[in-house]
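Participant: Following this message is one structure expressed as structure tokens.
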Amino acid sequence: MRRPALPAEAIVRHVVTFGRVLREAGLEVGPGRVADALQALDALGIDRRDDVYWALQATLVARQEDLEAFDRAFDAWFLGAVAAAPLRPRPDRDGQARSRGHADPAAGGAGDADGSRSDEVTLGWSAHEVLRRRDFGAMSAAELAAARRLLPRLAEVRPRRMSRRLRAHPRGRSLDLRRVTRRSLATGGEPLERVYRRRVEVPRRLVVLCDISGSMQAYTRALLLFLQGAAAARHVEVFAFGTRLTRLTPALRTRDPDRALARAADVVVDWAGGTLIGASVKTFNDEWGRRALTRGAVVVVASDGWERQDPELLGCEMARLRRAAYAVVWVSPLTGDAAYEPVGAGMRAALPHVDRFLAGHNIASLEELASVLAGIERRHIT
């Protein structure tokens with residue numbers, strides 16, 4: 001027996017909300033793609049689950065690397081599935097697609113069809129949203145493995161700055177005489193084609209100092225997975241510190257997260273030990289600050305701020321770091337607790353020299369960090 005059709009308003013609300021879920025997962029889903037998805041569903045109908053899946057995938061996914069995230073979001077949204085989505089079906093020799101085991105949106109994923117709930121949409125439970133809010137210290141091994149797929153993508157966000165040199169640009173205002181002259185050689189010396197240039201946005205150097213002491217042990221693995229994605233880019237430097245400072249950039253520059261963590265564990269000799277933040281920052285300033293590594297860079301310090309030495313040294317070295325860096329961002333997992341106040345001697349000494357003080361206890365807080373890094377105000381370069 002054919003199910004009664006859902007109200008058009010309910011379908012629109014459901015697809016629009018699903019588009020927001022995809023945007024949170026990192027997909028580029030705008031109003032135009034959502035409108036295309038609604039037109040596709042209007043043409044195909046929602047009676048068959050395969051039609052719904054392929055209509056949404058064809059209209060909402062633009063990149064090959066986004067297919068896995070789309071599958072997980074689709075299963076979590078329409079099925080309430082906690083586990084990762086099964087592999088996508090591939091067409092066989094006859095051109096027929098294998099059936100996916102998704103629930104029919106008309107049957108329960110988009111709402112009930114009876115008279116009492118004909119104007120409502122019963123939304124599926126989003127495992128992705130629950131995972132975003134779960135504290136790293138409370139995650140199980142399975143949840144941490146699922147979060148591992150999201151963390152490197154967040155780390156791809158980089159702070160930007162305006163280039164000092166002029167680059168070729170179609171909307172530039174300055175005429176590039178060198179390129180105009182070179183291209184005029186093909187037209188007998190007549191400058192028929194005009195080329196303009198302007199300053200463009202380029203990545204700003206990013207330096208991360210990550211606390212791997214015993215008090216940070218519950219969050220170290222997740223933070224290193226996040227930093228492993230960041231270290232793959234150029235002009236990114238990652239350091240770990242407990243009782244001493246260790247450069248982790250070469251160890252983390254690999255595509256395999258497990259191998260990156262294993263290499264980092266081999267390099268670090270003070271893992272899960274004490275905390276000497278002031279001495280570690282001083283070592284960084286003395287050895288790497290002299291190489292102009294922090295000049296114009298955004299420095300992120302990931303630590304809970306528990307200093308075992310004199311906090312005055314930490315305040316002095318943080319002031320020194322702030323004078324050289326473009327901006328200093330402090331990320332503390334303890335900030336995720338609503339009752340937490342930075343009253344420790346170490347944090348009191350460091351906070352006057354910090355531009356932003358953020359949480360770092362779950363995926364949502366790291367998303368906020370990525371947003372801050374992407375939106376740090378750019379100073380005017382003369």
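The values are calculated or read from the model by the stated rules, or taken from the named source; none is laboratory data. The structure presented is a predicted model; accordingly, all values stated were derived computationally and were not measured. Neighbour counts are summed over all protein chains in view; Cβ atoms, including those assigned to glycine, are modelled from backbone coordinates with ideal geometry.
Participant: If I ask for residues that are small (Gly, Ala, Ser) and either without any contact (Cβ under 8 Å) to a residue 24 or more places away in the chain or closer than 13 Å to Gly346 by Cα (or both), which ones from segment 293-317 would you list?
Facilitator: Once the filter is applied, which keeps residues that are small (Gly, Ala, Ser) and either without any contact (Cβ under 8 Å) to a residue 24 or more places away in the chain or closer than 13 Å to Gly346 by Cα (or both), segment 293-317 yields Ser303, Gly305, Gly315.
Participant: Against the conditions (1) in contact with an Asp or Glu (Cβ under 7 Å, 6 or more places away or on another chain); (2) farther than 22 Å from Gly360 by Cα; (3) charged (D, E, K, R), where does Arg291 fall short? Just the number, please.
Facilitator: Arg291 satisfies every listed condition except (1).
Participant: Also: Between residues in segment 332-349 that are surrounded by fewer than 19 Cβ atoms within 10 Å (Cβ to Cβ) and residues that are assigned to a loop (DSSP other than H, G, I, E, B) and among the aromatic types (Phe, Trp, Tyr), which pairs lie under 7 Å by C-beta distance while being six or more apart or on different chains?
Facilitator: That search, which allows pairs on different chains as well, returns Gly344/Trp306.
Participant: Here's something else I'd like to know. Could you please let me know if Val34 is exposed (fewer than 15 other Cβ atoms within 10 Å of the Cβ), modelled with pLDDT of 50 or more, part of a helix (DSSP H, G or I) and β-branched (Val, Ile, Thr)?
Facilitator: So Val34 does not fit the description; no.
Participant: Where residues in segment 47-80 are of a type in the set (Lys, Arg) and outside any helix (DSSP H, G or I), which of them is nearest to the chain's Cα centre (by Cα)?
Facilitator: Arg63
Participant: Identify, please: which residue in segment 266-292 is within 23 Å of Ala345 (Cβ to Cβ) and of a type in the set (Val, Ile, Thr) and is, among those, surrounded by the fewest Cβ atoms within 10 Å (Cβ to Cβ)?
Facilitator: Going through the qualifying residues, I end up with Thr283.
Participant: Criterion first (touching a helix residue (DSSP H, G or I) at 6+ places or on another chain (Cβ under 9 Å), surrounded by fewer than 16 Cβ atoms within 10 Å (Cβ to Cβ) and closer than 22 Å to Val236 by Cβ) does Arg295 satisfy it?
Facilitator: yes
Participant: Then there is this: For Tyr219, work out the one condition from (1) in contact with a Pro (Cβ under 8 Å, 6 or more places away or on another chain); (2) surrounded by fewer than 22 Cβ atoms within 10 Å (Cβ to Cβ) it doesn't fulfil.
Facilitator: Among (1) in contact with a Pro (Cβ under 8 Å, 6 or more places away or on another chain); (2) surrounded by fewer than 22 Cβ atoms within 10 Å (Cβ to Cβ), Tyr219 violates only (2).
Participant: Checking the conditions here, which among Arg183, Arg132 is assigned to a helix (DSSP H, G or I) and within 19 Å of the chain's Cα centre (by Cα)?
Facilitator: Of the residues listed, the single one that is assigned to a helix (DSSP H, G or I) and within 19 Å of the chain's Cα centre (by Cα) is Arg132.
Participant: Tell me the residue from Arg199, Arg263 that is surrounded by 15 or more Cβ atoms within 10 Å (Cβ to Cβ), over 19 Å from Phe136 (Cβ atoms) and touching a residue at least 40 places away in the same chain (Cβ under 8 Å), please.
Facilitator: Every option except Arg199 fails the conditions.
Participant: Tell me the residue from Glu237, Glu201 that is modelled with pLDDT of 90 or more, charged (D, E, K, R) and more than 21 Å from Asp304 (Cβ to Cβ), please.
Facilitator: Glu237
Participant: Within 30 Å of Val202 (Cβ to Cβ) and either of a type outside the set (Asp, Glu) or not assigned by TED's automatic domain parsing to the domain that holds Arg320 (or both), is that true of Thr243?
Facilitator: For Thr243, the condition - within 30 Å of Val202 (Cβ to Cβ) and either of a type outside the set (Asp, Glu) or not assigned by TED's automatic domain parsing to the domain that holds Arg320 (or both) - is not met.
Participant: Which condition breaks for Gln228 when tested against (1) over 25 Å from Glu28 (Cα atoms); (2) in the same structural domain as Val281 (by TED's automatic domain parsing)?
Facilitator: The number of the failed condition is (1).
Participant: Scan segment 330-377 for residues that are small (Gly, Ala, Ser), within 27 Å of Gly229 (Cβ to Cβ) and assigned to a loop (DSSP other than H, G, I, E, B) and jot them down.
Facilitator: Within segment 330-377, Gly360 is the sole residue that qualifies.
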